[in-house]
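Let me begin by presenting the structure, written as structure tokens, before commenting on it.
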Amino acid sequence: MMKKLTEWVEWIGEGKLGPLDAAIALAALYCAFQVLTSSLVSHLAGTSVSIDDAEQLIYLPYLWAGYGGSQPPLYTWIVWTATHLLGTSVMTLKIIKYALIFLALFSVNRAVRRLGFSSTTAAAASFGLMTIAQILWESQHTLTHSVAALAFSALALLTLVRLFKSPRPLNYALFGLVAALAILAKFNDIIFLFAMLAAGLSIREFRPAILSRWLLLSGVIVFLGLTPTVLWSYQHPEAILARVYKFGIDQPHQDFFFVRANGLRELAEAIFNFSVLTAVICGASFAAERLNPTARLSGSNPGEKFVGRTLAFGLAALMLLVLVSGTTTIRDRWLMPLLFLLPAYAAIRAQLLGPRGKEVRYHIISVGLTLAVLAIPVTWYAQAMGGKGKSRTVRLDYLALLSDLQADGPVGTILASSSWIGNFRLVDDNLVLLNREVPKFDALLRQPAVLVWLDTDEPETEILDRLRQTGYSEAGQVKTVAVPERFGGAEGRRVSFVRLKKQQPANPAAPD
């Protein structure tokens with residue numbers, strides 16, 4: 001049995017499936033399997049999508065240069081395009097997510113190969129991504145923009161490595177395009193791009209490509225690609241700054257040095273939380289073969305230097321950003337567009353440490369694949385059950401709830417504080433769905449409109465304030481219904497709603 005498993009892992013690292021490397025083919029099969037099965041689970045269970053995907057459904061009708069909630073636009077552009085081609089469905093959303101996950105796996109694999117390392121090292125680098133909890137679990141379960149950030153960071157890595165090996169104008173143009181897309185996927189991808197360029201500049205073999213005048217072409221394409229979103233952000237500062245509070249920057253009464261120390265501590269905790277599982281798995285793999293991953297290498301390898309220095313420059317840039325900005329809140333998933341290189345660096349080091357390093361890479365492949373397979377039923381469960389609080393909204397019967405909302409007449413607009421109402425798009429594609437972060441709120445709101453909220457007697461004050469600024473108020477009595485909930489109790493989920501009316505302006509004073 002063990003011999004068969006060993007042979008199978010060796011085939012994944014070194015074999016072929018048709019014209020493709022076995023690792024790439026297997027990654028494609030895994031992602032396709034997850035698209036089909038998770039969509040089937042959703043269909044059979046009668047459930048919808050998580051909060052992050054529901055947010056995309058709110059913005060689905062609009063192709064703008066930017067969107068609300070401090071979020072970049074690329075993922076929403078991809079959703080807009082895919083749904084116009086394939087229709088609005090849970091399967092379409094799953095296709096988008098797993099296509100991006102596959103793009104990350106593929107790009108890391110090809111980048112490591114182009115840096116001159118073996119197919120086994122490339123397989124370990126890509127399947128090693130599945131040792132990262134934010135990729136193994138969160139990316140499959142709930143994330144959207146962060147998945148795009150991972151995919152286009154990995155693609156930017158591949159295009160830059162391609163440029164190093166073949167510094168032609170076309171490759172500079174391609175790098176500029178992908179760099180712009182990476183920034184539009186997640187604004188913090190700028191840090192990763194800076195780290196890669198700084199790393200390339202520090203390495204003699206790659207320096208000419210960075211210093212080439214053709215890099216200006218990359219810069220021009222990045223500028224042109226970002227200009228519409230930059231202009232839109234300038235015109236909609238409230239949308240781009242909506243979630244700045246998440247960084248914990250505004251602490252005017254705290255000591256300057258205390259705030260910075262607290263920010264560095266948060267960064268260290270985020271790095272630990274992000275990398276601990278990967279570090280334990282890779283460390284145990286090296287230990288099993290009695291190899292020291294930090295041992296001094298006998299020769300200089302530019303590829304190993306590039307990956308290692310990209311990580312080092314990126315972490316240094318993050319530390320500097322924390323010190324300058326006073327950020328005191330850092331979430332581990334924000335580090336994904338940089339620290340996804342950790343498994344690749346471990347696999348590269350393993351190859352350079354000699355013959356026993358091949359076994360280290362086999363261990364990483366084995367554990368990564370095992371974790372990926374074990375995650376499958378858990379992702380199915382999450383698709384059917386959601387989580388706690390608002391995450392349970394995947395289990396609501398939205399058709400029944402829409403029927404309740406329309407009991408007193410048609411509904412054109414549904415509003416709520418949170419993005420869970422995006423799931424109504426899967427029931428009626430013609431509805432206007434708004435939360436308080438949607439830009440052009442005033443212009444989009446159309447009557448008849450209804451405000452909806454969960455579990456409490458009163459809606460959140462933020463959405464009420466936004467409505468009053470727009471000139472709307474409650475019309476009539478609040479109604480509360482028990483909405484059927486898949487896999488829930490017989491009592492259902494408590495949902496309250498009230499119809500809205502446009503306030504009439506006061507009559508001007510009569511002339512004397």
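Conditions tested, residue by residue: (1) surrounded by fewer than 20 Cβ atoms within 10 Å (Cβ to Cβ); (2) under 19 Å from the mean Cα position of the chain (by Cα); (3) at pLDDT below 95.
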site	(1), (2), (3)
3	yes, no, yes
8	yes, no, yes
14	yes, no, yes
20	yes, no, yes
26	no, no, no
51	no, yes, yes
Problem - Of residues in the range 228-256 being surrounded by 12 or more Cβ atoms within 10 Å (Cβ to Cβ) and assigned to a loop (DSSP other than H, G, I, E, B), the one modelled with the highest pLDDT - result: 236
Practice task
Test residue 299 against the criterion of being outside any helix (DSSP H, G or I) and within 30 Å of residue 353 (Cα to Cα), and give yes or no.
Solution key: yes
Exercise for the section: Take the range 386-399 and flag every residue that is surrounded by fewer than 16 Cβ atoms within 10 Å (Cβ to Cβ) and part of a helix (DSSP H, G or I). Expected result: 389, 399
Practice task
Test residue 263 against the stated conditions and say whether it is surrounded by 12 or more Cβ atoms within 10 Å (Cβ to Cβ) and touching a Ser or Thr at 6+ places or on another chain (Cβ under 8 Å).
Solution key: yes
Problem - Residue within the range 62-77 that is within 27 Å of residue 377 (Cα to Cα) and in a helix (DSSP H, G or I) present - result: yes
Fill in the blank from the handout: Listed by range, helices (runs of 4 or more DSSP H) wholly within the range 311-385 having at least 3 residues that are within 21 Å of the chain's Cα centre (by Cα), touching a residue at least 12 places away in the same chain (Cβ under 8 Å) and over 22 Å from residue 193 (Cα atoms) are 357-385
Problem - Filter result for residue 81 (surrounded by fewer than 22 Cβ atoms within 10 Å (Cβ to Cβ) and either in the same structural domain as residue 106 (by TED's automatic domain parsing) or at pLDDT below 95 (or both)) - result: no
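Residue under question is residue 190, and the condition is that it be at pLDDT 95 or above and either crowded, with 18+ Cβ neighbours inside 10 Å or in contact with a Lys or Arg (Cβ under 9 Å, 6 or more places away or on another chain) (or both); does it hold?
no
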Handout entry: Matching residues in the range 348-394 - criterion: being of a type in the set (Asp, Glu) and not assigned by TED's automatic domain parsing to the domain that holds residue 114
Key = none
Exercise for the section: Identify the single condition in (1) surrounded by fewer than 17 Cβ atoms within 10 Å (Cβ to Cβ); (2) under 30 Å from residue 286 (Cβ atoms); (3) in contact with a Pro (Cβ under 9 Å, 6 or more places away or on another chain) that residue 346 does not satisfy, given that it satisfies every other one. Expected result: (1)
Problem - Scan of the range 4-25 for residues that are hydrophobic (A, V, I, L, M, F, W, C) and touching a residue at least 24 places away in the same chain (Cβ under 8 Å), ordered by number - result: 5, 9, 12, 22, 23, 24
Exercise for the section: Filter the range 284-304 for residues that are within 30 Å of the chain's Cα centre (by Cα) and either charged (D, E, K, R) or loosely packed, with under 12 Cβ neighbours inside 10 Å (or both) and give the result. Expected result: 304
Practice task
Look at residue 58 and say whether it is modelled with pLDDT under 95, outside the structural domain of residue 374 (by TED's automatic domain parsing) and closer than 20 Å to residue 428 by Cβ.
Solution key: no
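Per-residue answers, yes or no, for (1) surrounded by 16 or more Cβ atoms within 10 Å (Cβ to Cβ); (2) of a type outside the set (Phe, Trp, Tyr); (3) closer than 30 Å to residue 41 by Cβ:
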{"residue": "427", "(1), (2), (3)": "no, yes, yes"}
{"residue": "433", "(1), (2), (3)": "yes, yes, yes"}
{"residue": "436", "(1), (2), (3)": "yes, yes, no"}
{"residue": "443", "(1), (2), (3)": "no, yes, no"}
{"residue": "466", "(1), (2), (3)": "yes, yes, no"}
{"residue": "482", "(1), (2), (3)": "no, yes, yes"}
{"residue": "494", "(1), (2), (3)": "no, yes, yes"}
Handout entry: Residue check, residue 470 under 31 Å from the mean Cα position of the chain (by Cα) and among the hydroxyl-bearing types (Ser, Thr, Tyr)
Key = no
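The values are calculated or read from the model by the stated rules, or taken from the named source; none is laboratory data. As the structure is a prediction and not an experimental result, all values here were calculated from the model. Note that each Cβ is placed from the backbone with ideal geometry, even for glycine, and that neighbours are counted across all protein chains shown.
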